[in-house]
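Undergrad: Here it is, the structure, as structure tokens.
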Amino acid sequence: MERRTFLQIAIATGGLVTAAIVAIPVIGTALSPVLRRESGELWQPIGALENFPIGQMTRANVTVPRDDWSQTLREKGLYVLRSSNAELIVFSRNCTDLSCPIVWDEGSNCFFCPCHGGIFSRQGDPMKGPPKRALYRYAARVRNDTVEIDLRSVPPMA
Amino acid sequence: MAKRWRTWISDRFGLRRVYEGTLNRRVAKSSWYYGDGATLTFLLGVLVVTGMFMSLTYTPSPDGAYESIRFITEKQVLGWFVRGLHYWAAGMMVVMLFFHLFRQILVGGYKFPREGTWLIGVILFFAIILMSFTGYLLRWDERSIYALKVAQHMFSRLPWIGESVVVFIQGGTEPGATTLTRLYAVHVIFVPVLLGLFVIWHIYLVIIHGVTSQEERNQPIYTASQQRQLYRAQARSREKGENFFPMTVFKSGLMATIVFAIVLTLTLTLGPQRLYPEADLTTISRPIEEWWFYWYSGLIALLPNTIAPWFVVIFPIVLFIILILLPFIDRSPWRGFKKRLWPPIVVGICVIGILYLTDLRRRSPWTGWPDSEPPPVPAGVVLSPEAEQGRQLFAQYGCNSCHPISGHGRKVAVDFGQIERRLSQDYIRDYILQPPEGIAMPGYRGRMSAQDLERIVEFVLVAQTFPRSQ
């Protein structure tokens, strides 16, 4: 091998190895949220059962546990429909089209999305506009007269 | 004496070669509207300076971001001005970006030997769009948090990796501290550094290859070397060429100055974008994207819901691929648009489309929303007590969440004040109780008393007789 070729290869190899030693850890650390993502159920209380009158749509908040250092955005809004004594439907407040925050209209018994005209029925079914899918429903249960939902029972965008 | 100093400085600091290579060179004569590139560079400068000085105060933490922007705007000396300049320069940057892109398509600016200039320009296009988006997320008001959610939802539609991409961007499964630091880093470090490098490269290539000249637009050119010959001859010629400094610089600078005057006027009259309520996922809000994204939002709203979910994923990718491939697809010898019919047609459709969709999104006639205010009664009309009660019930039962009356209110459903064929009492009554299949209206059977129903029907009947506006 010529001296010149050897030096070229040495420079390229040395450069690549050095670059990799720096690049791989920084990419890894940037990917940390994905790699550390936890799965499994995550049940959180949303209020006492008596807060949800039968036959009514009620607004509720759920506390989102996070391991970071900021205090804001710890709560998420929800809509709860207690259709009968035993049956509770907990709707995500995000439109299924693009996650805009829907609003419940007591007058017309519809959910309206503020963005592109999505309208959902009382049961969360899409009636008009871009959404194709019904509103996301959290898995819900009652423990000691407290309503709990599983935060991981809907996709991250719900 | 002064001349000796100048010679010494330019020699010792190596400025002579820079001067010869950039300012003191012959170029083909250019029109005033060729100043859009210079304008973009200038706006970028304004954004970098104002952005740097806002970063002296801005706090990239969800607990402090909103308050720090409030502080900049309300307490800091001239903070409102710096923020206003940043905001309007950003908006105009997007406008000029489209101008620049469309003009290059019109004149064939991507043609040989300028493919490299174009390809780097395409990267710059997407980088600037990314900046114009991440920038307003940093405000951390309700518009920011929902803009982030919407963008995230689009990413979540990517096949296989969607959810991971969402978590990656957000820095977790829920938006929080790590979300804002990420957005901040992307907006003030990652993209600006790349943007700076690519802008320099872009301009370097503009110096090497020049910009599409008038002569090039008038005749067919078959090879890159033919183009170079033609351009060089034109640049050297007395009539068709000019000195870059001061001739071209003056013309470009004029355009940049005019655009800056617009930015300044908007800053002084409208000020920086107002701060909406702080980001919060529990309160009711009606967010909307920044105005330079209205057209895209309008387009998404118009698309049938079988296409829209895929469109938001595919459109940016397809646009990128088309723009990247353009110089390799369109290899015809003609530039300009005298012999190229498709560019004026495509650009014309795009411009009209963008303006139309922007206005449509501004009006958003598709959005229903609760409104406790009953529809107004036109001047000179007196309602019977029953119809008046019906008018109140019209709001109470949320009819006005969708139905306007004589143009007032949401515009989702039929306007009874402007209806073409009057509806009968029985028809209205039956419709309210049980709307036909496939109509996006809730049936009121079982939750509206007979009396309320009659009152509402009465009001709708009267509304049909309201004097027509216009």
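The values are calculated or read from the model by the stated rules, or taken from the named source; none is laboratory data. What you see is a predicted model; the values in this text were computed from it and never measured. Here the Cβ is made from the backbone with ideal geometry for all residues, glycine too, and neighbour counts use every protein chain on show.
Undergrad: Going through region B:297-312 one residue at a time, which ones are facing chain A (nearest Cβ under 9 Å), part of a loop (DSSP other than H, G, I, E, B) and of a type in the set (A, V, I, L, M)?
TA: B:Leu303
Undergrad: Do we find a residue being touching a Pro at 6+ places or on another chain (Cβ under 7 Å) and assigned by TED's automatic domain parsing to the domain that holds B:Pro272 anywhere in region B:182-189?
TA: The answer is yes, given that some residue of region B:182-189 is touching a Pro at 6+ places or on another chain (Cβ under 7 Å) and assigned by TED's automatic domain parsing to the domain that holds B:Pro272.
Undergrad: Among (1) surrounded by 19 or more Cβ atoms within 10 Å (Cβ to Cβ); (2) more than 30 Å from B:Ile145 (Cβ to Cβ); (3) among the β-branched types (Val, Ile, Thr); (4) in contact with a helix residue (DSSP H, G or I) (Cβ under 7 Å, 6 or more places away or on another chain), where does B:Thr179 come up short?
TA: Exception for B:Thr179: condition (2).
Undergrad: Further question: Report, by residue number, each residue of region B:349-399 that is surrounded by 21 or more Cβ atoms within 10 Å (Cβ to Cβ) and facing chain A (nearest Cβ under 8 Å).
TA: B:Ser364, B:Trp366, B:Thr367, B:Gly368, B:Tyr397, B:Gly398, B:Cys399 - these are the residues of region B:349-399 that are surrounded by 21 or more Cβ atoms within 10 Å (Cβ to Cβ) and facing chain A (nearest Cβ under 8 Å).
Undergrad: Just for region B:95-118: of the residues that are of a type outside the set (Phe, Trp, Tyr) and part of a loop (DSSP other than H, G, I, E, B), which one is surrounded by the fewest Cβ atoms within 10 Å (Cβ to Cβ)?
TA: Of everything passing the filter in region B:95-118, B:Pro113 is surrounded by the fewest Cβ atoms within 10 Å (Cβ to Cβ).
Undergrad: So, restricting to helices (runs of 4 or more DSSP H) that lie completely within region B:172-276, which ones have at least 1 residues that are farther than 20 Å from B:Gly109 by Cβ, among the charged types (D, E, K, R) and at pLDDT below 95? Steps first, answer last, please.
TA: On the way: elements: B:177-185, B:191-209, B:214-218, B:224-236, B:249-270.
Where helices (runs of 4 or more DSSP H) fall fully within region B:172-276 and carry at least 1 residues being farther than 20 Å from B:Gly109 by Cβ, among the charged types (D, E, K, R) and at pLDDT below 95, they are B:224-236.
Undergrad: In addition: Kindly establish whether B:Ala224 is among the small types (Gly, Ala, Ser), out of contact with any Gly (no Cβ under 6 Å at 6 or more places or on another chain) and in contact (Cβ under 8 Å) with a residue 24 or more places away in the chain.
TA: Considered against the rule, which asks whether it is among the small types (Gly, Ala, Ser), out of contact with any Gly (no Cβ under 6 Å at 6 or more places or on another chain) and in contact (Cβ under 8 Å) with a residue 24 or more places away in the chain, B:Ala224 comes out as yes.
Undergrad: Scan region B:136-181 for residues that are touching a Pro at 6+ places or on another chain (Cβ under 9 Å), more than 9 Å from chain A (Cβ to nearest Cβ) and on the phi > 0 side of the Ramachandran plot and report the count.
TA: 0
Undergrad: Return a yes/no flag: does region A:107-117 have any residue that is at positive phi, crowded, with 23+ Cβ neighbours inside 10 Å, facing another protein chain (nearest Cβ under 8 Å) and not small (Gly, Ala, Ser).
TA: No; the residues of region A:107-117 include none that is at positive phi, crowded, with 23+ Cβ neighbours inside 10 Å, facing another protein chain (nearest Cβ under 8 Å) and not small (Gly, Ala, Ser).
Undergrad: Kindly provide the set of residues from region A:95-106 that are within 7 Å of chain B (Cβ to nearest Cβ), under 13 Å from the mean Cα position of the chain (by Cα) and within 18 Å of A:Glu75 (Cα to Cα), ordered by number.
TA: A:Ser99, A:Cys100, A:Pro101
Undergrad: Please give the helices (runs of 4 or more DSSP H) falling wholly within region B:1-79 in which 1 or more residues are farther than 22 Å from B:Val263 by Cα.
TA: B:2-12, B:15-22, B:65-74
Undergrad: Being surrounded by 16 or more Cβ atoms within 10 Å (Cβ to Cβ) and either out of contact with any Ser or Thr (no Cβ under 8 Å at 6 or more places or on another chain) or aromatic (Phe, Trp, Tyr) (or both) is the filter here, so list the residues in region B:56-69 that pass it.
TA: The answer is B:Tyr58, B:Gly64, B:Tyr66, B:Ile69.
Undergrad: May I pose another question? Looking at region B:284-296, which of its residues are touching a residue at least 40 places away in the same chain (Cβ under 8 Å) and within 7 Å of chain A (Cβ to nearest Cβ)?
TA: Selection gives B:Ser285, B:Arg286, B:Pro287.
Undergrad: Here is a follow-up. If A:Cys115 satisfies all but one of (1) more than 25 Å from A:Glu50 (Cβ to Cβ); (2) under 12 Å from the mean Cα position of the chain (by Cα), what's the number of the condition it fails?
TA: (2)
Undergrad: Which of (1) at pLDDT 95 or above; (2) aromatic (Phe, Trp, Tyr); (3) surrounded by 14 or more Cβ atoms within 10 Å (Cβ to Cβ) is the odd one out, the single condition B:Phe328 does not satisfy?
TA: Condition (3) is where B:Phe328 drops out.
Undergrad: Please enumerate the residues belonging to region B:335-350 that are in a loop (DSSP other than H, G, I, E, B) and either of a type in the set (A, V, I, L, M) or touching a Pro at 6+ places or on another chain (Cβ under 7 Å) (or both).
TA: B:Phe337, B:Leu341
Undergrad: If a residue must be in contact with a Leu (Cβ under 9 Å, 6 or more places away or on another chain), without any contact (Cβ under 8 Å) to a residue 40 or more places away in the chain and of a type in the set (A, V, I, L, M), how many such residues does region A:101-158 contain?
TA: 1
Undergrad: Run B:Ile72 past the list (1) free of Cβ contacts under 8 Å to residues at least 24 places away in the same chain; (2) under 25 Å from B:Ile288 (Cα atoms); (3) surrounded by fewer than 19 Cβ atoms within 10 Å (Cβ to Cβ) and report the number of the one that doesn't hold.
TA: Only one criterion in (1) free of Cβ contacts under 8 Å to residues at least 24 places away in the same chain; (2) under 25 Å from B:Ile288 (Cα atoms); (3) surrounded by fewer than 19 Cβ atoms within 10 Å (Cβ to Cβ) is unmet by B:Ile72, namely (3).
Undergrad: Further question: What is the number of the single condition among (1) touching a residue at least 60 places away in the same chain (Cβ under 8 Å); (2) more than 24 Å from B:Glu278 (Cβ to Cβ); (3) touching a Ser or Thr at 6+ places or on another chain (Cβ under 8 Å); (4) buried (at least 22 other Cβ atoms within 10 Å of the Cβ) that B:Gly121 does not meet?
TA: If we test B:Gly121 against (1) touching a residue at least 60 places away in the same chain (Cβ under 8 Å); (2) more than 24 Å from B:Glu278 (Cβ to Cβ); (3) touching a Ser or Thr at 6+ places or on another chain (Cβ under 8 Å); (4) buried (at least 22 other Cβ atoms within 10 Å of the Cβ), just (3) comes out false.
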